[in-house]
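Throughout, read-outs are computed from the coordinates displayed, never taken from laboratory work. Just so we're clear, the structure is a prediction, and the values are computed from it rather than from any experiment. Neighbour counts are summed over all protein chains in view; Cβ atoms, including those assigned to glycine, are modelled from backbone coordinates with ideal geometry.
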Amino acid sequence: MNPFFSKILVDIARKRLKASQKTTTEFSKRQIVPVVRNLQVELSHAIKEYIFIIIGVFSAGFGLKGFLLPNRFIDGGATGISLLLENITNIELSFLLILVNIPFLILGARTLSLKFAIKSIIAIAFLGFVVHYIHYPTITEDKLLIAVFGGFFLGLGIGMSMRGGSVIDGTEVLAIYLSRKLSLTVGDVLLLINIIIFSFGAYVLSIETALYAILTYLAAAKTVDFVVDGVEEYVGVTIISEKHEELRTMLIEKLRRACTIYAGKGGYGGKGQSYDKDIIYTVVTRLELAKLHTEIDKIDKDAFIIMGLVKDLKGGMIKRKPLK
């Protein structure tokens, strides 16, 4: 790291140690180094998060000004409310985006965290700036393309902002809050909110516009899923077999996949007694499942296999080594 930034981090680390331990004595290098490392991690993550937010804001701005806004289309959520108000009032969309989201962000500060709310305020204010000052060309007048690609770029923006630890659409916050208060999932709450928005859009604008808005929302929602959860879905596989040692060797040597061994007890023995056995857990991609099943069947056709989707993962060997 640059010596100038290193010195700044060391000074900050000293101040943190003095504040936490409430002392004015000097600290040793051994005490300072872990704090400096933590600061480096925090700084690198913050830079990465704000890069995600910047990309997300410009993508959402392109979806709004390049597709939806010139053609008087709407979307779901707070963005959809802002677009709807822009169609029936003379207030500019850039101001509406901020005004509509303020109540949701206040709720987010109370229910989630102040840091999240501040980052979201920055992201939404930046989106308002981009929509107001940045000129995007109108890409097409075809309604189907507007709905699909407008939703795609808007969803890409929302998803990237979420990867950055913020939101540019505050209804997500409201959905989380209501799901905690009511016996509903976040998805159910978002669906109810958007049904109200689309119904109002059908009344104020037209039924056709509302139907296209539903298509825009679906495109945006699916894109958000891809961006947040990843395009390549992983599958967690649990294998229970008497031939667990052969299966472990196969995973490591033949498929080049790491695995974790759990010490377990079987509850269904010949006489109903419990007995010790090893349980294997590994993670593969969807494309590798067929190969995995083939190799398992070669060793033990009666193996008990449990599979569950894994949204994302970090570390390990799966992203570094290709399947043989």
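Structure above, values below:
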{"read-out": "Label-point separation in nm, Leu182 to Lys301, each point 7 Å along Cα→Cβ", "value": "5.2 nm"}
{"read-out": "Lysine pairs in the range 234-310 with Cα atoms under 20 Å, if 8 or more residues apart or on separate chains", "value": "12"}
{"read-out": "Cα gyration tensor category, rounded, prolate or oblate, for the range 234-310 with a/c compared to 1.5", "value": "prolate"}
{"read-out": "Amide hydrogen neighbours beyond the local backbone of Val167, cut-off 5 Å, H modeled", "value": "Ser120"}
{"read-out": "Value at 222 nm in deg cm²/dmol, rounded to 500, when DSSP H runs of n ≥ 4 in the chain each add -39,500 (n - 2.57)", "value": "-20500 deg cm²/dmol"}
{"read-out": "Three-way shape call for the chain based on the alpha-carbon gyration tensor, with the a/c threshold at 1.5", "value": "oblate"}
{"read-out": "Charge dipole (debye, nearest 20) of the chain; +1 at Cβ of Lys and Arg, -1 at Cβ of Asp and Glu", "value": "1660 debye"}
{"read-out": "In the range 46-229, lysine pairs closer than 21 Å at Cα, eight or more apart or cross-chain", "value": "5"}
{"read-out": "Burial ordering of Arg30, Arg16, fewest other beta-carbon atoms within 10 Å first", "value": "Arg30, Arg16"}
